[in-house]
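*Asks:* A single structure is presented below for examination.
The values are calculated or read from the model by the stated rules, or taken from the named source; none is laboratory data. Fair warning: this is a prediction, and the values are worked out from it, not measured in the lab. Note that we place each Cβ from the backbone using ideal geometry, even for glycine, and neighbour counts take in every protein chain shown. Only protein heavy atoms, including side chains, enter the accessible area calculation; ligands, DNA and RNA are left aside. Shrake-Rupley method; radii C 1.70, N 1.55, O 1.52, S 1.80 Å.
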Amino acid sequence: SVQNNATHTHCICGATHKDVGDHTQDQSNTNWTGVSSLSEITTAGNYYLTENVTLSATWEPVDDTVLCLSGHTITANGEFDAIEVQADASFTLTDCEPEGTAGKITHVNGKTGSGVKVEEKAVFNMYGGNISDNMAETNGGGVYVGKNGAFTMYGGIIEKNNGVRGGGLHNAGGTFTMTGGTISGNQGGTANGGGGGGVLNAGTFTMSGTAVIGGTNAEDANIGYNGGGVYNYNTGQFNFNGGTIIGNEANKNGGGVYNEQGSPTFTMTGGIIKKNKAKNGGGVAVNNSATFTMNGGTIGDTNSNDGNTVTNEGGGVYVLSGIFNMNTGNII
């Protein structure tokens with residue numbers, strides 16, 4: 001196991017270098033310093049955990065901290081956010097262990113708080129590891145990104161988190177760039193007023209590459225009242241350039257995507273929205289002055305088992321009172 005190597009040397013993106021998004025520089029000779037407690041991290045640098053950590057209060061990493069979980073778990077034992085990246089600070093999370101044995105950021109069962117909170121003008125980069133089994137009382141069970149905050153997700157998993165609005169992620173006005181990784185098995189509020197099982201976006205969200213919101217198994221479904229996979233609202237700008245929104249569920253509108261409230265825009269130039277289900281708008285639902293523009297990509301699938309489904313109206317797309325512009329692409 002890599003975590004037992006005395007020297008602990010690997011690229012920032014994991015045990016072996018991989019080009020993801022704008023990460024193309026091989027840093028395989030980067031050395032990491034082992035720590036058994038997060039309190040040992042007092043200066044910027046590259047660190048790895050040598051054992052599991054239990055938090056009695058929110059950990060606020062110093063600027064330019066890079067942390068490799070190395071297969072270990074950070075557990076918050078209380079009613080607080082596990083990790084909070086402070087304003088103007090930068091924090092990077094990775095794991096050199098493979099996906100099945102990677103570590104995670106979580107809470108003790110029954111305790112509430114986001115897994116990671118990114119404050120205004122803070123930066124969070126995620127290459128690996130899991131943010132899972134966290135529960136926020138309001139928004140952003142897995143991750144909350146504040147106004148002008150920035151989160152780049154190159155890899156890793158945000159899963160099995162719960163929040164009234166934004167079970168996996170609530171982007172409240174920051175910039176979220178997702179070129180890889182998976183957001184799955186999260187739950188936004190399932191009653192009226194809740195939603196965004198996977199993602200609630202009121203900022204700028206750009207999705208491309210191998211990124212996945214949802215999954216092919218029942219336990220991978222992001223679930224919400226509206227917007228099982230994605231709820232884009234207010235002044236949110238969602239740029240869907242590639243990746244897959246799959247297997248999500250909404251109790252009411254927009255199994256894959258719900259675009260509504262205020263003047264949000266969802267622009268699709270690539271990628272696939274399939275195998276999602278809802279009462280209305282299995283793939284996509286548009287409402288309340290929102291605009292969805294399709295310049296490419298596919299909503300649906302040629303395999304009937306992988307199509308978007310509804311119990312009422314609009315298997316592929318359901319337009320309530322918003323605007324849907326289709327210039328090219330496929331609705332199957």
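*Asks:* Compute the Cα gyration tensor for the range 71-198, then decide on rounded, prolate or oblate, letting a ≥ b ≥ c be the square roots of its eigenvalues: rounded whenever a/c is under 1.5, prolate when a/b is larger than b/c in the other cases, and oblate in all that remain.
*Replies:* On the way: a/c = 1.36, a/b = 1.11, b/c = 1.23.
Rounded, since a/c falls under 1.5.
*Asks:* Compute a Gaussian network model of the chain, connecting alpha carbons closer than 10 Å, and tell me which residue from Gln25, Gln86, Gln237 fluctuates the most.
*Replies:* Checking each option, the largest mean-square fluctuation is seen for Gln25.
*Asks:* Additional query: Could you please put Asp63, Asp19, Asp95 in sequence from largest to smallest accessible area, using a 1.4 Å probe? Before the final figure, lay out the partial values.
*Replies:* Values: Asp63 75, Asp19 105, Asp95 10 Å².
Putting Asp63, Asp19, Asp95 in descending order of accessible area: Asp19, Asp63, Asp95.
*Asks:* Probe radius 1.4 Å, ligands and nucleic acids ignored: give me the carbon and sulfur share of the accessible area of the range 83-203 as a rounded percent.
*Replies:* Numbers: 1480 of 3530 Å².
Exposed carbon and sulfur together represent 42 percent of the surface.
*Asks:* Counting only C-alpha contacts under 8 Å and six or more residues apart, can you give the relative contact order of the range 61-102 as a whole percent? All intermediate terms of the calculation are to be shown ahead of the outcome.
*Replies:* Numbers: 53 pairs, mean separation 24.4, N = 42.
It rounds to 58 percent for the range 61-102.
*Asks:* Using mean Cβ contacts within 10 Å as the protection proxy, how do 258-267, 221-230 order, highest first?
*Replies:* Highest-to-lowest ranking by the protection proxy: 221-230, 258-267.
*Asks:* Considering every Cα-Cα pair within the chain, what fraction, in whole percent, is farther apart than 28 Å?
*Replies:* 36
*Asks:* Once you wrap a convex hull around the alpha carbon atoms of the range 223-324, what is its projected area averaged over all directions, in nm²?
*Replies:* If you wrap the Cα atoms of the range 223-324 in a convex hull and average its projections, you get 5.2 nm².
*Asks:* Can you tell me what share of the DSSP beta bridges in the chain is antiparallel? A percent to the nearest 5 is fine. It would help to have the intermediate numbers written out before the result.
*Replies:* Numbers: 4 of 115 bridges.
Among the beta bridges of the chain, antiparallel pairing accounts for roughly 5 percent.
*Asks:* Here's another thing I want to ask about it. Taking 8 Å as the Cα distance limit and 6 or more residues as the minimum spacing, I'd like the relative contact order of the chain as a percentage. Don't jump to the answer; show the numbers that get you there.
*Replies:* Details: 1276 pairs, mean separation 28.7, N = 332.
The value is 9 percent.
*Asks:* With just the Cα atoms of the range 1-81, tell me how far they stretch along each of the three principal axes, in Å, largest first.
*Replies:* Computed over the Cα atoms, the extents are 38, 28, 21 Å.
*Asks:* Next question, about the same structure. Projected onto the charge dipole of the chain (+1 at Lys/Arg Cβ, -1 at Asp/Glu Cβ, origin at the Cα centre), which of Ser263, Ile223, Gly316 gives the Cα projection farthest towards the positive end?
*Replies:* Of the candidates, Gly316 comes out farthest on the positive side.
*Asks:* Return the whole-Å distance between the Cα centroid of the range 104-158 and the Cα centroid of the range 168-185.
*Replies:* So the two Cα centres are separated by 9 Å.
*Asks:* Charges only on Cβ, +1 for Lys and Arg, -1 for Asp and Glu: so what's the dipole of the range 104-234 about the Cα centre, in debye to the nearest 20?
*Replies:* Computed about the Cα centre, the dipole is about 200 debye.
*Asks:* Given a 1.4 angstrom probe, I'd like the percentage of the accessible area of the range 239-318 that is carbon and sulfur, rounded to a whole number.
*Replies:* Carbon-and-sulfur percentage of accessible area, whole number: 37.
*Asks:* Could you work out the relative contact order of the range 1-116? I mean the mean sequence separation of Cα pairs under 8 Å and 6+ apart, divided by the number of residues, in percent.
*Replies:* 23
*Asks:* Right, here's the next one. Can you tell which of Thr291, Thr75, Thr30 shows the greatest fluctuation in a Gaussian network model of the chain with Cα springs below 10 Å?
*Replies:* So, out of Thr291, Thr75, Thr30, the one fluctuating most is Thr30.
*Asks:* Accessible area per residue, 1.4 Å probe, Å², for the chain: what's the number? Please report the intermediate quantities before stating the final value.
*Replies:* Values: 12380 Å² over 332 residues.
Averaged over the residues of the chain, the accessible area is 37 Å².
*Asks:* What whole-number volume per residue, in cubic angstrom, does the convex hull of the C-alpha atoms of the range 116-254 give? Mind showing how you got there, number by number?
*Replies:* On the way: hull volume 11.5 nm³, N = 139.
That works out to 82 Å³ per residue.
*Asks:* Springs between alpha-carbon atoms under 10 Å, Gaussian network over the chain: tell me which of Val35, Val319, Val164 tops the mean-square fluctuations.
*Replies:* Among Val35, Val319, Val164, the largest GNM mean-square fluctuation belongs to Val35.
*Asks:* Additional query: In whole Å, how far is the Cα centre of the range 247-320 from that of the range 9-75?
*Replies:* Each part reduced to its Cα centre gives a spacing of 38 Å.
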